[in-house]
Ligand SMILES: NC(=O)c1ccc[n+]([C@@H]2O[C@H](COP(=O)([O-])OP(=O)(O)OC[C@H]3O[C@@H](n4cnc5c(N)ncnc54)[C@H](OP(=O)(O)O)[C@@H]3O)[C@@H](O)[C@H]2O)c1
């Protein structure tokens, strides 16, 4: 299938590691030029090297995305480098979670500042350029905690549910301009961060992390967690010309974990 991504221009936030890095690879492989964004320059340089090896083209902006100024810088530098922007993948996220009985409002504020406000700001900043070309794709990476809350992950859940709301509202506002806004909700995905989180849980519960991961995987109808490349493949499809009639949708890539009707 020709995805029609050749020559498109993308920004992927949180793309120095994990799911974001795989999204940058997947888009570059299809001929899209990619701006990769995170705080750690050394990791971004490594991703650029990988993009180069794929035969793609990209550049990096090392910023902390919790401020409006940083979001503006990313978009300005992309416009300068690529002359426009067609695709935005909002993926950044790193909430600290504590049990709801000890949870501070600051913890929720921090999660929202990074994962929800940066998604909204980035979308608002790229939409004028997408409107100019009457074509755009915005893909948000939320997560299962938005609709399946648990006492231990309220900051992540609040940030994710905000994104689900925003996806629908943004989609309503810009669908008429050929801009498709959709969200993917991954479940447990094999990244360093997910392993570190489960490791912390294993230490807390005084048990072996591999045993815990195996137990979590066996609870899933799929019997295994996702690989970040599997999430990235669907991102590439949602970013494509081929995906032309999907508006404000939320796709669950959680190994079948979610209960209830969609
Ligand atoms: N992995 C899972 O099981 C899972 C499940 C559900 C949802 N998700 C969601 O998927 C997304 C990616 O998760 P992941 O596991 O791939 O995470 P990850 O491996 O920790 O990657 C997070 C990325 O965000 C960047 N980042 C973190 N804080 C930042 C900040 N303040 N400003 C700019 N960049 C920042 C990180 O680089 P720097 O640290 O260098 O800035 C890194 O590139 C997140 O939104 C997460 O909530 C993941």
The lone exception for residue 83 - which of (1) within 18 Å of the chain's Cα centre (by Cα); (2) at pLDDT 95 or above it fails
(1)
For the range 71-100, what are the residues that are free of Cβ contacts under 8 Å to residues at least 40 places away in the same chain and under 22 Å from residue 232 (Cα atoms)?
none
Looking at residue 139, is it within 16 Å of the ligand (Cβ to nearest atom), in contact with a strand residue (DSSP E or B) (Cβ under 7 Å, 6 or more places away or on another chain) and within 27 Å of residue 178 (Cα to Cα)?
yes
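Among the candidates 20, 56, single out the residue that is in contact with a helix residue (DSSP H, G or I) (Cβ under 9 Å, 6 or more places away or on another chain), more than 23 Å from residue 116 (Cβ to Cβ), assigned by TED's automatic domain parsing to the domain that holds residue 237 and touching a residue at least 12 places away in the same chain (Cβ under 8 Å).
Values: 20 fails: more than 23 Å from residue 116 (Cβ to Cβ).
56 is the lone residue from the list that is in contact with a helix residue (DSSP H, G or I) (Cβ under 9 Å, 6 or more places away or on another chain), more than 23 Å from residue 116 (Cβ to Cβ), assigned by TED's automatic domain parsing to the domain that holds residue 237 and touching a residue at least 12 places away in the same chain (Cβ under 8 Å).
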Those residues that are within 16 Å of the ligand (Cβ to nearest atom) and over 19 Å from residue 68 (Cβ atoms), I need them from the range 100-115; list them, please.
106, 107, 108
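Could you tell me which residue of the range 198-219 is nearest to the chain's Cα centre (by Cα), considering only residues that are farther than 28 Å from residue 16 by Cα and either away from the ligand (no atom under 16 Å from the Cβ) or outside any helix (DSSP H, G or I) (or both)? Outline the logic, then answer.
From the range 198-219, those farther than 28 Å from residue 16 by Cα are 204-208, 211, 215, 218-219; that's our starting set.
Now restrict to residues that are either away from the ligand (no atom under 16 Å from the Cβ) or outside any helix (DSSP H, G or I) (or both): 204-208, 211, 218.
Numbers: 204: 28, 205: 29, 206: 31, 207: 30, 208: 29, 211: 28, 218: 25 Å.
The extreme case among them is 218.
The values are calculated or read from the model by the stated rules, or taken from the named source; none is laboratory data. As the structure is a prediction and not an experimental result, all values here were calculated from the model. Ideal geometry is used to build each Cβ from the backbone, glycine not excepted, and the neighbour counts take in all protein chains shown.
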